[in-house]
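What follows draws every value from the coordinates through simple rules; no lab data is involved. Predicted model only: the values in this text are computed from it and were never measured. No Cβ is skipped: glycine too gets one built from the backbone with ideal geometry, and neighbour counts run over all protein chains shown.
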Amino acid sequence: MTMEKKSPLIRLVVVGNGMAAMRTVEELLQSDGSALYSITVFGAEPHPNYNRIMLSCVLAGDKSFDETIINTREWYTQNGITLIAGDPVVAIDREAKTVTSQSGRVVAYDKLLLATGSRPLAPSIPGLGLPGVCAFRDIADVEKMLAAARTKSRAVVIGGGLLGLEAAWGLKQRGMSVALVHLMPTLMERQLDVPAGQMLQKALDRRGISFFTSGQTERITGTDAVEGVQLGDGRFIPADLVVLAIGIRPNIDLAKAAGLQIGRGITVFDDMRTSDPAIFAVGECVEHRGQVFGLVAPLWDQAKVCASQLAGDASAVFASKALATSLKITGIDVFSAGALAAADPDDDEITLRDDARGIYKKVILRDGKLVGAVLYGDVTDGQWYLQLMRDKQDVSAWRERLVFGRAFAEAGADKPSGPDYAAMPDDTQICGCNGISKGTICKAIRQKNLTTLAEVRSHTKASASCGQCSSQVEGLLAYVTGAVKVAKKTICACTDSSHDEVRAAITERKLKTMDAVRSELGWKTPEGCQKCRPALNYYLLCAWPGEYGDDARSRFVNERVHANIQKNGTYSVIPRMWGGVTTAAELRAIADVADKYAIPTVKVTGGQRIDLLGVKKDDLPAVWRDLNSAGMVSGHAYAKGLRTVKTCVGSEWCRFGTQDSTGLGIKLEKLCWGSWTPHKVKLAVSGCPRNCAEATIKDVGIVCVEGGYDILIGGNGGIEVRVTDKLTRVASEEEVLEITGAFLQMYREQAHYLERTAPWVARVGLEAIRARVIDDHKERRALFDRFLFSQKFAQVDPWAERVAGSEAHEFAPLEEV
Amino acid sequence: MSTANWKKIGRLESIPVRGSRRLCSSHFGRPIAVFRTSDDRVFALVDECPHKKGPLSEGIVAGDTVACPLHGMVIGLSDGVAVAPDEGAVETLPVSVVDGEIYLHLPEPGVSG
């Protein structure tokens with residue numbers, strides 16, 4: 001029973017506080033109609049409105065929950081909206097026009113908006129109620145999964161669709177071992193055809209997810225908590241966490257109980273009204289012309305139509321468009337829209353497949369028009385294909401070029417390769433990670449006169465997360481600013497020259513000072529900036545060893561003070577431990593230093609050394625003096641240079657060891673220490689293929705085998721793990737040393753500043769490196785000689801220099817006189 | 001203006017060109033950095049980046065800006081204001097160089113600004 005007095009405003013009650021509901025309210029607030037309404041929002045979850053799409057990013061650790069919040073509680077207050085979160089509506093009385101919440105609250109409405117979303121589908125199998133079983137639907141599920149990832153090790157995800165794969169990848173990122181069970185023979189079978197699904201599976205398999213395809217889950221086993229998953233064919237997978245992600249179904253219970261017309265979802269007409277004209281519905285709970293919805297793009301369209309209708313525009317109608325799917329897994333690019341395969345003999349499929357590069361493209365044509373596209377590995381043309389499908393454009397003229405993408409297709413056609421972004425609707429989402437649309441990006445570019453990708457990134461956050469949409473953002477930039485081609489990648493805003501051009505000019509025109517480089521190449525700033533100065537300093541140092549005088553003022557603080565700055569302004573100090581080998585005397589000296597200077601944290605690093613953390617800057621010279629006098633030198637743990645050479649114990653102790661990996665590691669470290677490189681460089685030597693030193697994710701990794709050594713290059717850990725490529729196998733330690741030195745010199749001379757070996761190797765190609773470092777012995781020797789020459793000037797312990805008084809001003813504050 | 005609060009803090013040469021040093025005493029509990037540009041202008045700022053309080057005195061000085069070493073926010077030395085699109089500002093302190101000696105204007109404790 002409602003006791004509220006009749007307000008002059010129309011009372012709009014919104015059931016659901018999810019993305020579709022609040023997008024509708026936002027659209028309404030932006031329209032003229034907003035003044036007509038007083039709005040009350042009921043949400044089942046005890047949170048303000050958040051971006052459900054980003055839960056994958058929260059799980060994978062790319063985002064915090066706070067970053068996914070779309071509207072804060074303050075936003076509701078500021079807009080005069082009453083938010084009732086954590087108290088779901090349990091009944092609608094259409095006669096009295098009221099809703100009743102779980103806690104018994106009764107609220108009257110004039111217009112009602114249902115946006116009850118969807119529920120995860122659950123298979124009918126035993127064991128669903130066991131602790132450790134959850135869905136992947138809301139933040140509570142993510143919290144359960146994160147809690148499990150902290151204490152447990154084995155996860156099984158059931159369902160190999162979009163959601164299941166993102167859940168599996170997120171849990172893998174959180175350190176769990178992950179198995180994925182999928183009913184069908186290939187992954188994402190509703191979005192990808194068999195070859196693309198297989199390529200996806202192979203890529204994820206390489207990243208350590210185990211797959212059980214064609215796997216029928218029979219039951220989830222366990223007594224007090226989940227213990228594993230039993231498959232119908234007898235396979236059993238042990239598990240501490242089971243995530244169900246087999247799909248969703250519209251949540252229609254409330255509408256059904258209220259007697260509204262329902263099908264699979266709540267039936268809505270083109271104006272987003274249900275069978276009761278006072279009640280609207282949007283989002284995953286609705287069924288429109290027989291279709292239900294699970295992707296975000298049509299929800300935005302529905303929200304817009306519904307808001308227009310609420311604001312009094314009776315002409316607004318919803319029509320579903322061709323939809324595209326993409327997967328939010330960093331480094332894996334998948335795109336799918338429309339049909340997956342030819343539906344009848346008149347349809348044509350055109351396929352391009354390059355297994356070596358991991359690229360697959362298929363387009364499906366019907367009556368000269370594009371009706372489907374499946375892309376794997378290279379998705380740059382996805383939005384273009386989607387637009388062609390939506391426009392129902394006749395593409396017969398480009399038929400044979402279509403699969404090669406837009407640039408190639410249009411280059412050969414009459415149509416000039418002009419703006420393709422013109423036809424794209426403003427609400428087309430460009431950046432999936434941050435939910436940034438074309439309209440938002442274009443508006444920022446125009447209003448703030450942005451001219452570079454970096455600027456667009458800092459103003460809008462578009463392409464700032466995974467970077468997959470960078471090329472589209474650049475395209476939009478070109479479209480808005482009218483620039484004919486995408487801006488060239490320069491070192492920084494100070495110059496129009498690229499890294500390669502600057503490096504070439506330094507050697508060819510014999511430029512030996514920063515001023516000479518800047519004046520010769522027409523720098524726009526007299527003394528550069530924090531981006532170009534460190535790059536120029538390195539390039540000059542590399543080109544003119546012994547001649548160029550290093551500029552401390554163009555180095556990042558860590559390289560200037562030879563220690564790592566920490567977030568509170570203190571420093572960490574890491575002495576070198578050759579090949580990870582230390583002695584009782586060294587350990588005693590480190591312990592004494594920790595005591596004497598009250599160093600709060602002493603930690604063993606991943607590179608087999610000891611880190612002293614929390615050293616005050618003023619204490620650095622004294623700390624170094626004490627370490628120096630025990631025979632230890634700087635570990636260069638702060639440098640764009642050689643960091644560590646990690647080793648296993650090798651044949652000296654290990655029963656599997658084939659060679660003296662420790663000894664070889666020490667020789668490599670003695671050869672390479674002190675060298676400055678474009679980015680940090682890490683080496684490792686493993687004594688046998690069991691690879692305990694993890695040599696396959698190092699810049700240079702040596703894996704010893706019976707009678708030889710495999711030299712591996714271009715690996716790294718980090719955000720995007722890259723496994724090394726095998727350069728060659730050699731028979732002697734001398735060859736290992738020479739090839740390593742030559743490889744590092746080629747990297748030093750060729751790579752861009754702040755480019756690690758992994759992206760550099762990927763950029764120039766293994767063959768180009770092999771040609772100079774392996775096949776051409778004279779060239780190898782020349783590179784190695786240049787490396788050795790440069791090392792003559794580089795192998796000076798920076799700590800000893802400073803203990804002796806160099807740069808003293810750096811370590812003492814100014815005093816009042 | 002009274003000169004009572006002008007403190008001598010050392011000679012110009014004691015600060016490296018395109019560099020900075022931190023003052024041993026603090027300003028209402030906050031550290032102070034004194035900068036010297038390539039054309040020998042001197043600036044004093046509270047040594048805390050408006051972003052995450054990084055020590056600006058450890059940043060790279062270019063022209064009359066400094067880039068914070070922690071996350072790269074660029075701050076104007078003359079006004080303490082972050083270069084767009086970043087937002088934020090740090091307090092600056094009056095400083096002058098007379099006969100090669102740097103003087104910093106420090107308000108007495110308890111006296112505002």
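In table form, for the structure just shown:
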item	result
Reachable aspartates and glutamates, given that their alpha-carbon falls under 13 Å from the alpha-carbon of B:Lys8 and they are not under 8 places away in the same chain	A:Glu815, A:Glu816, B:Asp99, B:Glu101
Equivalent ellipsoid semi-axes, the range A:558-638, via Cα gyration tensor eigenvalues times 5, rooted, Å	18, 14, 12
Value at 222 nm in deg cm²/dmol, rounded to 500, when DSSP H runs of n ≥ 4 in chain A each add -39,500 (n - 2.57)	-9000 deg cm²/dmol
Value in Å of the Kirkwood radius, where the range A:1-141 supplies the Cα pairs that are averaged	16.7 Å
Label point distance in nm, A:Lys369-B:Trp6, each placed 7 Å from Cα along Cα→Cβ	8.1 nm
Links that overshoot a 30 Å alpha carbon limit, given the list A:Lys144/A:Lys361; A:Lys144/A:Lys328; A:Lys361/A:Lys438; A:Lys448/A:Lys524	A:Lys144/A:Lys361
Two-decimal Rg/Rh across chain A, once Rg and the Kirkwood Rh are taken from alpha-carbon atoms	1.01
Alpha-carbon gyration tensor eigenvalues x 5, square-rooted, for the range A:642-794, Å	23, 17, 15
For residues of A:142-149, the mean tally of beta carbons on other chains within 10 Å	0
FRET efficiency, 1/(1 + (r/R0)^6) with R0 41 Å, evaluated for A:Glu755 and A:Ala91 via beta carbons	0.10
Dipole-positive endmost among A:Val736, A:Phe656, A:Thr677 within the range A:642-794 (Cβ charges, Cα centre)	A:Thr677
Translational diffusion of the range A:133-246, µm² s⁻¹ [Kirkwood Rh, Cα pairs; Stokes-Einstein; 20 °C; 1.002 mPa s]	154 µm²/s
When the range A:499-555 is reduced to its Cα atoms, the Kirkwood hydrodynamic radius in Å	11.2 Å
Fully extended contour minus Cα-Cα distance, from A:Leu587 to A:Ile10, at 0.36 nm per residue	200.1 nm
Ranking of B:Phe43, A:Phe335 by count of other Cβ atoms within 10 Å, fewest first	B:Phe43, A:Phe335
For B:His71, B:His105, A:His499, order by how many other beta-carbon atoms lie within 10 Å, fewest first	B:His71, B:His105, A:His499
Inverse of mean 1/r across different Cα pairs in the range A:535-693, Kirkwood, Å	16.8 Å
Ordering of A:113-126, A:714-727, A:530-543, A:94-107 by burial proxy (mean other Cβ atoms within 10 Å per residue, highest first)	A:530-543, A:113-126, A:714-727, A:94-107
For the range A:464-576, diffusion coefficient by Stokes-Einstein and Kirkwood Rh (Cα), 20 °C, 1.002 mPa s, µm²/s	129 µm²/s
Cubic angstrom per residue, convex hull over Cα atoms of the range A:20-85	85 Å³
Cα coordinate range in the range A:429-481, projected on the principal axes (Å, largest first)	24, 17, 15
Cα radius of gyration and Dmax for the range B:1-76 (Å)	12.5, 39
Percent of beta bridges antiparallel (DSSP, chain A, rounded to nearest 5)	65 percent
Label-to-label distance, nm, for residues given as A:Ala771 and A:Leu788 (7 Å Cα→Cβ offset)	2.7 nm
Spatial separation of Cα centroids for the range A:578-605 and the range B:62-85, in angstrom	37 Å
Low-density loop cleavage sites - chymotrypsin sites (Phe, Trp or Tyr not before Pro) in the range A:1-82, where at most 15 other Cβ are within 10 Å (DSSP)	none
Calculated over the range A:335-391: convex hull of Cα atoms, volume per residue (Å³)	66 Å³
Segment A:Cys654-A:Arg105, extension gain: residue separation times 0.36 nm, minus the distance between their alpha carbons	190.5 nm
